[in-house]
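Working notes for the structure below.
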Amino acid sequence: MTADLGVLWLATPYLTADLEPSSSELLWTTDMYGFMTAGFLVIMGTLGDRVGRRRLLMAGSAGVIAASLLAAYATSPGMLIAARAALGVAGAAVLPSTLALISHMFTDARQRATAIAMWVTALSAGIAIGPVVGGLLLDSFWWGSVFLLGVPVMLPVLVAAPLLLPEYRDPDAGRLDPASVLLFLLGILPVVYGIKRFAEYGAGAQQLVAFAVGTLGAVLFVRRQRGLTHPLLDLRLFANRAFTGALLTLLLGMMALNGVEYLVPQYLLVIGGLSPLAAGLWLLPGAAALILGSQLTPVLARRIRPAYVIIAGVLFTLPGFWMSAIAGSGDAGSRLASLGLALIMFGVAPISVLGTALAVGSAPPAKAGSAAATGQTAYDLGLALGIAGTGSVSVAVYRDELAAHAPAGIPAEAAEAARDTIGGATAAADSLPGGLGDELLVAAREAFTTGFHAGALVSAGLALAAVGVAVVLLRQVPAIGADAEPAAADGTDAEPAAASAPVLAENGNPAPPVAASAETR
C-alpha cells in the first residue's frame, strides 16, 4: 500500500504531462486515497469485528488488485481519481484487519508493541522499495505502470491468508447499522473536503456549507451511537486519555510528516533535476531512517514513558524541517532535502509505533477491529490532511511568488498554465520562444522552492503541536509492559498506557481473555 503512495509522488510530473490535470485535480489524485481510507476505516474495522478480520483482509486485497489495474490504465484525471478512491476503500479493509489480527495474535504488551513496530517497518519498506522500483518502471514504461506494483503484492495474500492466519470475529457484535455508516461518512467526508477547499481557496460559501453538513452529520452520528446497543463506533473508547492522546498525536504527527514527504520527491525531480530512479535512491535514506526509528522505539518504550520517547523523536525532526526550509537548487539542495527528510522520518517513527500501539491496546479484544480502525483513521487522515493542508499552502505560495516574478510578455494562456502547477510551467516554458521560456522556468522553480520552504515551516509547527498533546494527555502513561495503575471504577479516566495496562471491559473491569470475548477459528 505504501509502495503505491511512494511511486505516485515520483509519477506526478509524468501523469501531469499526459493527463493534464488542474492543480485541484492533481491534489485530489494524491489525497483521494487518504480521504477515502479515512472515511471507511472505522466502517471496515467494525465490519471486520462482525464478518471476520481475515475474511475482510482477503476482500480488501482483491479490491486493491482491481483498483490498481483501473489506475494503471486511467485515461483522464477523473478516471484516475475514481481509481484512487476505490483503492482507498480497499485499503480501508486491509489496514485495520492486519492491526486487529496483531492485537489478537500478540496479547503480551511488549510483544504487541514489537509486532506493531514490525508492521510500521513493513510500511516503511514499502516507502523504500516503491520509489526505487517506480523509478525503474518510469525509466522504461509509462507512468501507469507504477500502479501495478500492488498486484504482485496482494496476490500472495489471497493465497496465503487462509493457510497462515487465524480468523477472529466478535460473536456479540450485532448487525452493522446502515444509518450509522451513512452518518459517519456524512460527518467526515464533507469536513475533509471543506478543509481542502479552505486551504486552497480560502473562505467561501462552498467551504462553509461543507463544514455545516459535516458538523450536522457528526452530531447525528454521535447521538445515534449513544442509543445503540451495538454501535458502529464505541464512544466509550474516547474516555481513555491514552486512546484520545494517541489519536491526536497520530493525526498531527502524520500531518507534519506527509506535508514534507509529499513535496520532497517533486523537489528532487523539478529543482534537483534528477531522474526518477535517482530521485528514488535519494529517498532511500528517509525510508531507512523510518525503519530504524520504528525498530528502536519499542526498545526505548520498555524503559521510558511513551510521551518522552515521542517528544525526543520530535526534537530530531526540527533540524530536518530546518534543512528542508533552506534547501536550494542543485546537488547541494538535493542532499540537504534528502538528509532533512531522513531526520524527519526517524523522529516521527515513535509517533507511528506508539500512537498505533496505544490506540490498538486500549480496547477490549472484541473491539480490537474498531479500535485499530479508529487509530488508523487518525493515521491516514493525518497523511491526507498533511498533503491537503501543507500542499495547498505550498501551492498558494507558489502562485503568489510566480505572479510577482514571472517575466513580462507571457501569453495569458501560458501564464495561467504556469500558475496552475510546476508541471504546467514547464510545459508552458517549452512552448515559448527562446529566452522567455527560460525566464519563466527559472521563476517557476524559484517559486516552487519558496513554496516548499513554507510547507516545511508549517509542518514543523504541526510537529510541535504533537508534542503539546503528548505532554498533556500521555505523560502519565507508563513504559510499555510496566505495571499499570488501577483504572477508575467507571473506566473513564484511565491514565496507564493502553498498550501495557490490562484493557478494560465495558464496565471498567479487566477484560476477559481473548478466547472469552472473540470467536477464534
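Every number here is computed from the coordinates shown, using simple stated rules; none is lab data. Since we're looking at a predicted model, the values are computed, not measured. Glycine also receives a Cβ, built like all others from the backbone with ideal geometry; neighbour counts cover every protein chain displayed.
What list of ³J(HN,Hα) couplings, whole Hz, do you get for segment 250-266 from phi and the Karplus terms 6.51, -1.76, 1.60, once you set θ to phi - 60° and write x for glycine and proline?
Whole-Hz 3J(HN,Hα) from phi for segment 250-266: 4, 4, 5, x, 6, 4, 5, 5, 6, x, 8, 4, 5, 8, 4, x, 5.
Per the Kirkwood treatment, what hydrodynamic radius in Å, one decimal, follows for segment 202-298 from the mean inverse distance over all distinct Cα pairs? The partial results should precede the final answer.
Values: mean 1/r = 0.0560 Å⁻¹.
Kirkwood radius, segment 202-298: 17.9 Å.
In percent, what relative contact order does segment 177-231 have, based on Cα pairs under 8 Å that are 6 or more apart in sequence? Before the final figure, lay out each step's value.
Numbers: 50 pairs, mean separation 26.4, N = 55.
Over segment 177-231, the number comes to 48 percent.
Pulled fully out, how much extra length does the chain show between Ala122 and Glu413, if you take 0.36 nm times their separation in residues and subtract their Cα-Cα distance? Provide the component values of the computation, followed by the final result.
Numbers: separation 291, 0.36 × 291 = 104.76 nm, distance 4.53 nm.
Once the chain is fully extended between Ala122 and Glu413, it gains 100.2 nm.
How much of the calculated P(r) for segment 34-125 lies past 22 Å, in percent of all Cα pairs? Don't jump to the answer; show the numbers that get you there.
Details: 1453 of 4186 pairs.
Taking all Cα-Cα pairs of segment 34-125, the fraction more than 22 Å apart is 35 percent.
Please list, in order along segment 331-339, the HN-Hα scalar couplings obtained from phi with the Karplus expression 6.51 cos²θ - 1.76 cosθ + 1.60 (θ = phi - 60°), rounded to whole Hz, x for Gly and Pro.
Listing the rounded values in order: 5, 4, x, 5, 4, 5, 5, 5, 5 Hz.
Sticking with the crude label model, points 7 Å out along Cα→Cβ, report the distance from Leu164 to Asp18 in nm, one decimal please.
So the two model labels end up 3.2 nm from each other.
With the cut-off at 1.5 for a/c, could you classify segment 177-231 from its C-alpha gyration tensor as rounded, prolate or oblate?
Details: a/c = 3.98, a/b = 3.04, b/c = 1.31.
It comes out prolate by the Cα gyration axes.
Taking neighbour Cβ counts within 10 Å as the exposure measure, how do Tyr168, Tyr33 sort from fewest upward?
Details: Tyr168 25, Tyr33 30.
Listed from fewest to most nearby Cβ atoms, that is Tyr168, Tyr33.
So how far, in whole Å, is the C-alpha centre of segment 313-353 from the one of segment 38-105?
What the calculation gives is 31 Å, centre to centre.
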